[in-house]
Structures are given as structure tokens and as C-alpha cells.
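Encoded as C-alpha cells, the structure appears first; notes follow it.
The values are calculated or read from the model by the stated rules, or taken from the named source; none is laboratory data. What you are looking at is a predicted structure, and each value in this text was computed from that prediction instead of being measured. Neighbour counts run over all protein chains shown; Cβ positions are idealised from the backbone, glycine included.
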Amino acid sequence: MRVEQLNNAIGAELVGVKLADAIHDDALFAEIRANLLRHRVLFLRDQDISRAGHVAFARRFGELEDHPVAGSDPENPGLVRIYKSPEQPGDRYENAWHSDATWREAPPFGAVLRCVECPPIGGDTMWANMVLAYENLPAHVKEQIADLHARHSIEASFGAAMPIEKRHALKDRFPDAEHPVVRTHPETGEKVLFVNAFTTHFTNYHTPARVRFGQDANPGAGDLLRFLISQAYIPEYQVRWRWKPNSIAIWDNRSTQHYAVMDYAPCHRKMERAGIIGDKPY
């Protein structure tokens, strides 16, 4: 296996390896896992792997989760189908910079995403290194956010376009989760900036140390949250991947954010993702 680093911030392509072999080869899987921690997102081309093989490889990292809104493959639980087509004009919205499912109490460890069908041009995905984003924050901002917690909501994101009854039912199933604004990576010990498009507000900002008078609270907290979320937008923290059929990306959801670029209408884009259950951030 050859590891080709894509830039200085994040991402590497694995060449000369088949993920199907790593299902049963412990040494190969261990090497892939070590590179995932090192580079945060790994890319592979020409992976002729079945849906069952896709699921079996992803499960080597841990148990898989289903998504309450996106549809899963009925024969392969845990394999979420992210299908976009010109026949679904209401489904053209893609996403914003985010870490997957941080609205869960225990967000995913990571994911394995395979391209089934992609447009001839466009439809790339981008990832950002949120460890680097934290490291490069000004010292006074690091001090300000060291003890902050924030809410993450499925109701305000996936539920936003639903009728109010369905939106409330979704929130009943998945109440807003609260996470530290700066989480610690459970394997590397690195500090990670952990706010994204699912984050709605800080839960412990309104304290005498931060707020002189009541009118300080909303603009102060809102401006700070917007600044933190915008750190994923910085190109120096990012890598961009052009999809081809049977290309695969594996990413560490704990230390990255990603963004699927919506620049390919009116074309099909069919992706299948196996999300791996993670642990509660601390």
C-alpha cells in the first residue's frame, strides 16, 4: 500500500490496496486505521466492492448506525443511500459544513462513503481539519471557549422543512444534544473545535464573566458562534475530492467537517454511506 498525502493539512490517497482484502486482513486494516488517525480522511479509487463488503469493512471500525431521515438499503442495515436526481427538484439542497449527526448524544466515529454514480463534472466533497482550526484560533478565543458547551439540533436542520407535527415528533425521538465546544479526541488527545451547521446556541455563555448586561448576551454569543463555525470555511484547512464511480472516502468524524458541493444539477449523484457509532464527546 502506498500513501500519497494530498496536502499539508488533511487527506491522503491510498494506492495499491483493496478494501475488500482489509475485511479479513488484520494487519492491513490496522495500517488503514493508523493512517486514518494520521490524515483524518482517506481516499481510494477503483474499489469494486459489494454493498455487503462495504458494510463488512465499515463494521471493522465498530457497529453501524441508521439515519432517521435518509433511507437505508433494506438488505444492508446501516448502509445509508444518499441519492440525488433531477426528478426530485425539492431535494436539490445539499448541505452546509458539518460533522455527521452531532445532534446525537454520541455522534458517529466516522464513515465510509462510496460513489455509485456521479455527474461528469461537479459534485465534489470537501473536508476540513478541525484540529488545525482549533490550534490556529487566537489565544483569547481559546480562553473564552475553553468551558463552553453548545446545543446541536436535528429539529433545526433535517426537521426544518417538515410540517410542525413531524418536526416535533423528530425532536421527541432525538432531543437536542449538548456537547463541549472544544472536544478532546478520544484516541489522539488532540483538541478539536466542535461546532458546525447543526449547532444552534451556547448553553452556558450567559455568565458574569462574559456578560455585563443582558443585552450583551445575544449578540456576543451569536457573533462568537458564527466566528467559530466559519473556521471550517478556511481553504488552508481543507481538501477537495473529485468523485468517480467506485471511489471511496473514509473519514474521522470526530476531528473533521465536510461539505458536499451542490454544483452538478441537473444530474444524478448516488452515494452510499456506512456510518460508524461513536462515543459521547468530552
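Contact map, segment 200-226: first residue within 22 Å of A96 (Cα to Cα), second residue at pLDDT 95 or above and assigned to a helix (DSSP H, G or I), Cβ cut-off under 6 Å, separation 6 or more or different chains; pairs are F202/A221. Scanning segment 206-230 for residues that are in a loop (DSSP other than H, G, I, E, B), small (G, A, S) and surrounded by 11 or more Cβ atoms within 10 Å (Cβ to Cβ) yields no hits at all.
Checked against (1) exposed (fewer than 15 other Cβ atoms within 10 Å of the Cβ); (2) part of a helix (DSSP H, G or I), I121 meets all criteria but (2). Could you tell me whether any residue of segment 112-123 is within 19 Å of the chain's Cα centre (by Cα), closer than 29 Å to R151 by Cα and outside the structural domain of T200 (by TED's automatic domain parsing)? Yes: one or more hits. Of everything in segment 59-110 that is at pLDDT 85 or above and among the basic types (K, R), the residue that is surrounded by the most Cβ atoms within 10 Å (Cβ to Cβ) is K84.
Summed over segment 179-199, residues that are surrounded by 16 or more Cβ atoms within 10 Å (Cβ to Cβ) and touching a residue at least 60 places away in the same chain (Cβ under 8 Å) total 13. Filtered by the rule that a residue be within 20 Å of T200 (Cβ to Cβ) and of a type in the set (K, R), segment 92-148 gives a lone residue, R104.
Residues of segment 38-52 that are surrounded by 14 or more Cβ atoms within 10 Å (Cβ to Cβ) and hydrophobic (A, V, I, L, M, F, W, C): V41, L42, F43, L44, I49. When segment 237-282 is filtered for residues that are closer than 17 Å to F194 by Cα, surrounded by fewer than 19 Cβ atoms within 10 Å (Cβ to Cβ) and either among the basic types (K, R) or without any contact (Cβ under 8 Å) to a residue 12 or more places away in the chain (or both), only K280 remains. Can you confirm whether segment 39-47 contains a residue that is touching a Gly at 6+ places or on another chain (Cβ under 7 Å) and either farther than 30 Å from K191 by Cβ or among the aliphatic types (A, V, I, L, M) (or both)? Scanning segment 39-47 turns up at least one residue that is touching a Gly at 6+ places or on another chain (Cβ under 7 Å) and either farther than 30 Å from K191 by Cβ or among the aliphatic types (A, V, I, L, M) (or both).
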